[in-house]
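These notes concern the structure reproduced below.
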Amino acid sequence: MSEPSPQEHKEHKERLDERFVRWQHELRRDLTRHVTLILSWSAGGLAFCGALLSSDHASFGGIVTDVFLLTALVFIVCLVMSLFISWNRLQDTRSTLRILKARKDQKSEETISAPQAQSDELGDRTWYAVRWQLVVFGVAWTLLVLSVLLAFQDRLWPCQHHHPGKPASLATPSPAPILNVTIPKPAQQTN
């Protein structure tokens, strides 16, 4: 097996560079899709929470209200994280452009090292936030499912007792007795 010629080595390196740039572009596009997807699903979850508030069939109070409010708060945190990730990516892009401009203007490596360090830090921060956003998003949807189950528990699992504050017409009726026996009252004696 012979060593590749300098020309072959150069062509191979150029192909690798092209592939790297192409996959880096795909990664950026996928990250954008991810942030957009989480942003839209979080907004949808928050909108569903708002719709749940106006439902006549949902029962709120006590732990149900606490879980519901926590759900809405976690969705808001997820939305704020989406905004943070987008802002952080914009800062990373600006930093990268400064690096490219410095290289184009043939600035010294010392001039380039500060924006390079900033860009690296911003990139690490972005991926850290993306991981946490996925965790927060999963918690939000888990809490939403729990909120729905709790708010509609009377409709999902009817029980035999009436809840205070709930109209009797919505309460589950008691089962009919198997034997309908009436016991007469003893007659009162008069003197």
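Name the trypsin sites (Lys or Arg not before Pro) in segment 28-124 that are in a loop by DSSP and that have at most 14 other C-beta atoms within 10 Å, would you? Intermediate results must be reported in sequence, preceding the final value.
Working: sites: Arg28, Arg29, Arg33, Arg89, Arg94, Arg98, Lys101, Arg103, Lys104, Lys107; in loops: Lys107.
Filter output for segment 28-124: Lys107.
Can you give me the pair-distance distribution of segment 11-157, C-alpha pairs, 10 Å bins, whole percents?
Cα pair-distance distribution for segment 11-157, in percent: 11, 28, 24, 16, 11, 7, 3, 0.
Hey, got a sec? Which GluC sites (Glu not before Pro) in segment 69-121 land in a DSSP loop and have at most 10 other Cβ atoms within 10 Å?
none
Length gain on complete extension for the stretch Leu37 to Arg125, per 0.36 nm per residue less the alpha carbon to alpha carbon distance?
Computed gain between Leu37 and Arg125 is 29.7 nm.
For a label point 7 Å from the Cα of Asp17 along Cα→C-beta, name the residues of segment 103-134 whose backbone N is under 16 Å from it.
Only 103-106 pass the distance filter.
Each reported figure results from applying straightforward, stated rules to the coordinates on display, with no laboratory input. Just so we're clear, the structure is a prediction, and the values are computed from it rather than from any experiment. Please note: Cβ atoms are built from the backbone with ideal geometry, for glycine as well, and neighbour counts cover all protein chains shown.
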